[in-house]
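First comes the structure, then the notes that go with it.
The values are calculated or read from the model by the stated rules, or taken from the named source; none is laboratory data. These numbers were taken from a predicted model, which means no experiment stands behind them. Reconstructed Cβ throughout: ideal geometry from the backbone, glycine too, with neighbour counts over all protein chains shown. The area values use the complete protein model at the heavy-atom level, side chains included, leaving out ligands, DNA and RNA. Shrake-Rupley method; radii C 1.70, N 1.55, O 1.52, S 1.80 Å.
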Amino acid sequence: MTPKAAKGKSTKRKSTKRKASPTQSDLPAVRVRMFRQGLGDCFLVTFDVGGDERHMLIDCGTLGNKNSDVKTDDIVKHLESTILDNGRLDVVVATHEHQDHLSAFRTKAMKALVGNVNHVWLAWTEDPADPDAKTLAKYRNDLGQALAEIALASPDTEVGKQVHDLMGFAGEASDDPLGFAKTVNEAMDFVRTGLGAKPTYHNQGDLIETDWLPGFRIYVLGPPRDKDLLKDLGEHGSDELYGLMRAAKLSAATAASPASAADEEASELEQPFDSRFRLRDETQKRRLYPGYCETKQDWRSVDFGWMNAATHFALQLDSLTNNTSLVLAIERIADGKVLLFPADAQQGNWLSWHDPELHWSVPDADGAVGKVTAADLLSRTVFYKVGHHASHNATARGQGLELMANEDELTAFIPVDRKLALTRNPKGSWQMPARPLYLRLLQKCQGRVVRADTGWAAKAKSGDATEKALKDLADDDQWAAWQKSQSSAKHVKENELFIEYTLE
């Protein structure tokens, strides 16, 4: 397919054409601010800095903060004082339905944006009128309710804790499994209908060119519509999914709140042995099999083995939602430099960008039409917002980072709170940033890697428990070279509220 410009947008913008070899003063500067509200994403992109400034807010959320006192309310106050006092926020982008990207949109402070936003951009997956989006939403909701039952039924088990924490991305914990994802849904609904701007739902392959944003093109790289690339969605109401939910309901049942007759009957039909041959009475179990019932033999028990599937399903739900991320590549037309915002896109999303049929036809400075591919955009990337807090599975290697060839300029920003991430279950398993990716980012960016929690990437200190797994990434000479590169990067500045990057 050859993507078209976004609906209602014009690709004929003679006023934005510049000389083939522009001078620095010809270039509209663009600035990116990464806020430091903890484990979450919130980026403010300002175009034509110092001129006719235009502002884009990409996401605003957090799962918590252990490295600063910054709250999402502080971000809203910053927007009010720097933008809304004198103008409007040109566009709000909500990339996907996860708490760490949307939680702030449920706060009272966000009312300050109501009526002060010109445009809202969402992925096709958030369009309530889109048939594919409806199917996707139905499956996610079914899976989420099943997992909510697990977390509620066995909150003190290792599986229950892990499921609970993974589901933290999708919504706040609730005593009512039917209320799964209520909070994140409310946040997305606020973005969709509460800001006072009609949303535009973008498809992979859209080219956004608009008169209010001269000098820039925005390419929509994802999400794809291919279900195999998003995730195998299975069948709505599949036996596997509802069997899991039913088992959780039966486990959570009590005398005060018994399981329904329908669930009891359905569960009976699924059992491997007839009820005549099953031993349920705990007293009889202990009398007949005393050794098996000893606490130290719990590891042998298979009574709750069905729960082990829950972690797999929780990861599936997390990955599926991440792969619905709206991915934007922002190109400064005059020199072709690109800023990449992949949200939390995982492998399927990244790989879809390289479909041979996915390309854009755009005019160059002389008016000649050329073909642009994702590989081309990646090769010209100078700023990379690292996906999913630099976890191990949200930055493609050969079809992603390795194609970012502009190593003399490439700078990476990681929205992360490693100290908080390591507290999630299983403890220490949420390695953000992941060591192999962190090292490769440092190499590709020649040290220009910035973390929201620590600022510039730095050598892990002896005795630092939080950075322990990141020790000995490189020798002292390599770190010295990287620190020299960081010192030379005058286009990156930081304060307590945010860290900013400016492409001049």
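Do you know which of the residues in segment 99-129 that are open to solvent by 20 Å² or more (accessible area, probe 1.4 Å) and within 25 Å of R225 (Cβ to Cβ) is farthest from the chain's Cα centre (by Cα)?
Initially, segment 99-129 is screened for residues open to solvent by 20 Å² or more (accessible area, probe 1.4 Å), giving 103, 106-109, 111-112, 114-116, 118-119, 127-129.
If we keep only those that are within 25 Å of R225 (Cβ to Cβ) as well, we get 119, 127-129.
Numbers: H119: 21, D127: 18, P128: 21, A129: 23 Å.
Among those that are open to solvent by 20 Å² or more (accessible area, probe 1.4 Å) and within 25 Å of R225 (Cβ to Cβ), it is A129.
Which pairs have Cβ atoms under 6 Å, sit 6 or more apart or on different chains, and link a residue in segment 452-469 that is within 22 Å of M34 (Cα to Cα) and of a type outside the set (G, A, S) to one that is open to solvent by 30 Å² or more (accessible area, probe 1.4 Å) and outside any loop (DSSP other than H, G, I, E, B)?
Correct list of pairs: T466/K419.
Does segment 76-83 contain at least one residue that is among the charged types (D, E, K, R), in a helix (DSSP H, G or I), crowded, with 16+ Cβ neighbours inside 10 Å and at pLDDT 95 or above?
no
For K71, are the conditions met, namely being at negative phi, charged (D, E, K, R) and in contact with a helix residue (DSSP H, G or I) (Cβ under 8 Å, 6 or more places away or on another chain)?
On the way: at negative phi: yes; charged (D, E, K, R): yes; in contact with a helix residue (DSSP H, G or I) (Cβ under 8 Å, 6 or more places away or on another chain): no.
Here the answer is no, as K71 does not meet what is asked.
Here is a check on your reading of the model: is L358 outside any loop (DSSP other than H, G, I, E, B) and hydrophobic (A, V, I, L, M, F, W, C)?
Values: outside any loop (DSSP other than H, G, I, E, B): no; hydrophobic (A, V, I, L, M, F, W, C): yes.
Here the answer is no, as L358 does not meet what is asked.
For segment 184-205, which residues satisfy the criterion of being small (G, A, S) and either open to solvent by 50 Å² or more (accessible area, probe 1.4 Å) or in a helix (DSSP H, G or I) (or both)? Outline the logic, then answer.
Initial filter on segment 184-205 (small (G, A, S)): 187, 194, 196-197, 205.
Listed by number, the residues that qualify are A187, G194, G196.
Looking only at segment 381-409, count every residue that is more than 16 Å from the chain's Cα centre (by Cα), surrounded by fewer than 21 Cβ atoms within 10 Å (Cβ to Cβ) and not aliphatic (A, V, I, L, M) and tell me the total.
The number of residues fulfilling the criteria is 8.
Could you count how many residues in segment 48-62 are farther than 10 Å from L102 by Cα and either open to solvent by 50 Å² or more (accessible area, probe 1.4 Å) or in a loop (DSSP other than H, G, I, E, B) (or both)?
Residues meeting the conditions: 7.
Just checking: which of the strands (runs of 3 or more DSSP E) contained wholly in segment 412-504 hold 2 or more residues that are within 20 Å of V70 (Cα to Cα) and open to solvent by 50 Å² or more (accessible area, probe 1.4 Å)? First the steps, then the outcome.
Working: elements: 449-451, 492-494, 498-503.
Qualifying strands (runs of 3 or more DSSP E): 492-494.
Can you say whether A465 is farther than 21 Å from L410 by Cα and aliphatic (A, V, I, L, M), as far as the supplied structure shows? Break it down into steps so the answer makes sense when it comes.
Numbers: farther than 21 Å from L410 by Cα: yes; aliphatic (A, V, I, L, M): yes.
For A465, the condition - farther than 21 Å from L410 by Cα and aliphatic (A, V, I, L, M) - is met.
Could you tell me whether any residue of segment 366-374 is touching a helix residue (DSSP H, G or I) at 6+ places or on another chain (Cβ under 9 Å) and either at pLDDT 95 or above or within 30 Å of A469 (Cα to Cα) (or both)?
Within segment 366-374 (the criterion being touching a helix residue (DSSP H, G or I) at 6+ places or on another chain (Cβ under 9 Å) and either at pLDDT 95 or above or within 30 Å of A469 (Cα to Cα) (or both)), the answer is yes, since at least one residue qualifies.
Here's a check for you: in segment 339-363, which residue that is touching a Gly at 6+ places or on another chain (Cβ under 7 Å) and not aliphatic (A, V, I, L, M) is surrounded by the fewest Cβ atoms within 10 Å (Cβ to Cβ)?
Narrowing segment 339-363 to residues touching a Gly at 6+ places or on another chain (Cβ under 7 Å): 342-345, 349-350, 352-353, 358, 362.
Subsequent filtering for residues that are not aliphatic (A, V, I, L, M) retains 342, 344, 349-350, 352-353.
Details: P342: 27, D344: 27, N349: 29, W350: 27, S352: 24, W353: 26.
Restricting to residues being touching a Gly at 6+ places or on another chain (Cβ under 7 Å) and not aliphatic (A, V, I, L, M), the top hit is S352.
Residues of segment 309-334 being at pLDDT 95 or above and acidic (D, E), which ones?
Matches in segment 309-334: E331 only.
Looking at this structure, is V114 at pLDDT 95 or above and out of contact with any Lys or Arg (no Cβ under 6 Å at 6 or more places or on another chain)? Don't jump to the end; show me each part of the working.
Numbers: at pLDDT 95 or above: yes; out of contact with any Lys or Arg (no Cβ under 6 Å at 6 or more places or on another chain): yes.
Yes.
Might you check whether a residue that is at pLDDT below 95 and open to solvent by 70 Å² or more (accessible area, probe 1.4 Å) occurs anywhere in segment 24-37?
As a first pass, look at segment 24-37 and keep what is at pLDDT below 95: 24-27.
Checking the rest, the ones that are also open to solvent by 70 Å² or more (accessible area, probe 1.4 Å) come to 24-25.
Checking segment 24-37: at least one residue is at pLDDT below 95 and open to solvent by 70 Å² or more (accessible area, probe 1.4 Å).
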